[in-house]
Amino acid sequence: MLAEYRKVAAGERPFETLRGGEWHADMMVGMLGAIANDTREVFIVNTPNHGALPELPFNKIVEVPALVDARGAHPLAMGKMPVEVRGLIQAVAAYEELTVEAVLNGCYDTALTALSCHPLVPSRKVAKNILDDYIAAHGESLAYLK
């Protein structure tokens with residue numbers, strides 16, 4: 001990967017092709033066309049839930065199919081999530097919500113609880129080690145956590 005970034009730095013390769021997201025431009029042109037021309041097309045978007053996934057909070061940002069028209073994106077009802085993924089998605093949603101709360105309130109304990117909720121963090125003890133190590137490495141930007 002570093003070799004590819006060196007090619008970009010040397011002008012041998014355009015940066016836009018490095019990470020493979022070229023299709024985003026085509027999708028965005030289509031979405032802008034749907035908004036400008038009110039063509040009511042369906043795209044996969046990040047949007048407030050608004051009931052598309054009933055097991056998640058109403059205003060949680062979700063990535064779902066949405067009808068796009070001149071008024072914007074309107075998430076399509078997806079119904080209940082399959083049981084095999086529901087818990088994982090809810091755990092990540094809890095982690096995200098608590099992370100925002102920790103930042104807004106400057107609360108170390110809430111940040112610790114957020115990390116503890118993440119499915120890739122096996123225990124509160126590991127979460128505390130991660131958080132403390134991160135604060136030690138980036139303390140000046142996390143001084144608000146009390």
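Of the residues making up the stretch 64-89, those that are without any contact (Cβ under 8 Å) to a residue 24 or more places away in the chain, in a helix (DSSP H, G or I) and of a type in the set (Val, Ile, Thr) are Val83, Val85. Scanning the stretch 119-146 for residues that are of a type outside the set (Lys, Arg) and closer than 15 Å to Glu101 by Cα, we see that the one that is surrounded by the most Cβ atoms within 10 Å (Cβ to Cβ) is Leu145. Taking the criterion of being out of contact with any helix residue (DSSP H, G or I) (no Cβ under 9 Å at 6 or more places or on another chain) and of a type in the set (Val, Ile, Thr), the residues of the stretch 21-41 that qualify are Val29, Ile35. Of everything listed in (1) of a type in the set (Gly, Ala, Ser); (2) farther than 30 Å from Ala25 by Cα; (3) surrounded by 16 or more Cβ atoms within 10 Å (Cβ to Cβ), the single unmet condition for Ala73 is (2).
Please count how many residues of the stretch 90-108 are touching a residue at least 40 places away in the same chain (Cβ under 8 Å) and of a type outside the set (A, V, I, L, M). Number of matching residues: 2. Taking (1) within 30 Å of Ala111 (Cα to Cα); (2) of a type in the set (A, V, I, L, M); (3) in contact with a Gly (Cβ under 7 Å, 6 or more places away or on another chain) in turn, Val64 satisfies each apart from (3). Taking Gly30 as the residue in question, decide whether it is within 24 Å of Val85 (Cβ to Cβ) and surrounded by fewer than 16 Cβ atoms within 10 Å (Cβ to Cβ). Against the criterion (within 24 Å of Val85 (Cβ to Cβ) and surrounded by fewer than 16 Cβ atoms within 10 Å (Cβ to Cβ)), Gly30 does not qualify. What about Leu120, is it assigned by TED's automatic domain parsing to the domain that holds Leu88, free of Cβ contacts under 8 Å to residues at least 24 places away in the same chain and not in a helix (DSSP H, G or I)? Answer is yes for this residue.
The values are calculated or read from the model by the stated rules, or taken from the named source; none is laboratory data. Quick caveat: nothing in here was measured; it's all calculated off a predicted structure. Glycine also receives a Cβ, built like all others from the backbone with ideal geometry; neighbour counts cover every protein chain displayed.
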